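Input: a single structure, listed below in structure tokens.
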Amino acid sequence: MRIPDAKVALSTASVYPESTATAFEIAARLGYDGVEVMVWTDPVSQDIEALRRLSDYHQVPILAVHAPCLLITQRVWSTDPWVKLQRARTAAEKLGASTVVVHPPFRWQRGYAREFVRGIWRMADETDVRFAVENMYPWRYRDREMLAYAPDWDVTKDDYRHFTVDLSHTSTARTDAIAMIDRMGDRLAHVHLADGNGSAKDEHLVPGRGKQPCAELLERLATRGFDGHVVIEVNTRRAMSAAEREADLAEALAFTRLHLASPSRVPRP
């Protein structure tokens, strides 16, 4: 078997409603290669020194920082979206993370959206940290659809240096995840691994529990020798206990490592 250099990380969002600190504990106990810090309302997620102490104590590296792009984080690290990205870059540099994950702007952030593609290139030119722009999805209610992101929820329609693919988002968008990573090509730097059943809700199921081609995508990355990060970003809010949450995250890790292994190609005699 041939195993690519990709590291498998745990998103701190995967333990919600537990804390950022709990994510480090679980990542260490289960043997994840690192964590992706979701910067949100938990004060620890916003504090570089607190994150460094957690990383050092648990011996779990911080591989990526997810900039605060959600509706609930509009006031985290400033109300100016460019300041948020600058602070995310600073955090990544100080914490040794190679990647900042960022969502495309909401359509009502008109000035930010207008300058977003050029601005991301400019920021990427100023650092070794990769700004990996993540695919999103249309918002749906019954038979109505609203395009909430600009320039587009399908980030492959614009020119970015690096991409993040999120399989829960491809599920919600009802788009082909394999075709999307093929369009991303060598610019795919980061994967948010989760599953979904095509619901209008962003489900973030444990991989293998929905209809997304999670196994096929991992196997394809393995044959390509993908050396980015694969981040488990799942919803464990319905877990009835800490043990059940940890079992879900252990299952997700085992699934990912299994399918990231690909048969070595042996030349025919």
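Within straight-line reach of residue 7, meaning a Cα separation under 27 Å, sit the following lysines at least 8 residues removed in sequence or on another chain: 84, 94, 211. For the chain, the mean residue ellipticity at 222 nm estimated from helices alone is -11000 deg cm²/dmol, where every DSSP H run of n ≥ 4 contributes -39500 (n - 2.57) and the total is divided by all residues, rounded to the nearest 500. With all protein chains in place and a 1.4 Å probe, the accessible surface of the chain carries 49 percent carbon and sulfur.
Placing a pseudo-label 7 Å from each Cα along the Cα-to-Cβ vector at residue 79 and residue 117 gives an inter-label distance of 2.9 nm. Residues of the range 3-33 falling in the label zone of residue 237, defined by backbone nitrogen less than 11 Å from a point 7 Å along Cα to beta-carbon, are 16-17. Tell me, what is the FRET efficiency for residue 258 and residue 5 to the nearest 0.05, using R0 = 22 angstrom and their Cβ-Cβ distance as r? Computed FRET efficiency for residue 258 and residue 5 comes out at 0.85. Model label sites at residue 90 and residue 126, defined 7 Å from Cα along the beta-carbon direction, differ in position by 1.1 nm. With r as the distance between the Cβ atoms of residue 244 and residue 216 and R0 = 30 Å, compute the FRET efficiency 1/(1 + (r/R0)^6) and round to 0.05. Approximately 0.60, to the nearest 0.05. Averaged per residue, the chain has 47 square angstrom of accessible surface, using a 1.4 angstrom probe with ligands and nucleic acids left out. Scanning the chain for long hydrophobic helices, with DSSP H runs required to stretch 18 angstrom or more by C-alpha along their axis and to average at least 0.0 on the Kyte-Doolittle scale, returns 242-260.
Determine which residues of the range 182-218 fall in the zone a paramagnetic label at residue 146 would reach in this model, i.e. backbone nitrogen under 20 Å from the point 7 Å along Cα→Cβ. From the range 182-218, the list is 199-203. Binning the C-alpha pair distances of the chain at 5 Å intervals from 0 yields a P(r) profile of 1, 6, 13, 18, 20, 18, 13, 7, 2, 1, 0, 0, 0 %, listed from the shortest bin outward. Dipole size of the chain about its Cα centre, with +1 on Lys/Arg Cβ and -1 on Asp/Glu Cβ: approximately 420 debye, rounded to the nearest 20.
Where does each of 30, 258 land when they are ordered by accessible area, with a 1.4 Å probe and the largest first?
The ordering from most to least exposed comes out as 258, 30.
The values are calculated or read from the model by the stated rules, or taken from the named source; none is laboratory data. Everything numeric here is computed off the predicted structure, so don't read it as measured data. In this analysis, Cβ positions are derived from the backbone assuming ideal geometry, glycine residues included, and neighbour counts consider all displayed protein chains. SASA here: full protein model, heavy atoms, side chains in, ligands and nucleic acids out. Shrake-Rupley method; radii C 1.70, N 1.55, O 1.52, S 1.80 Å.
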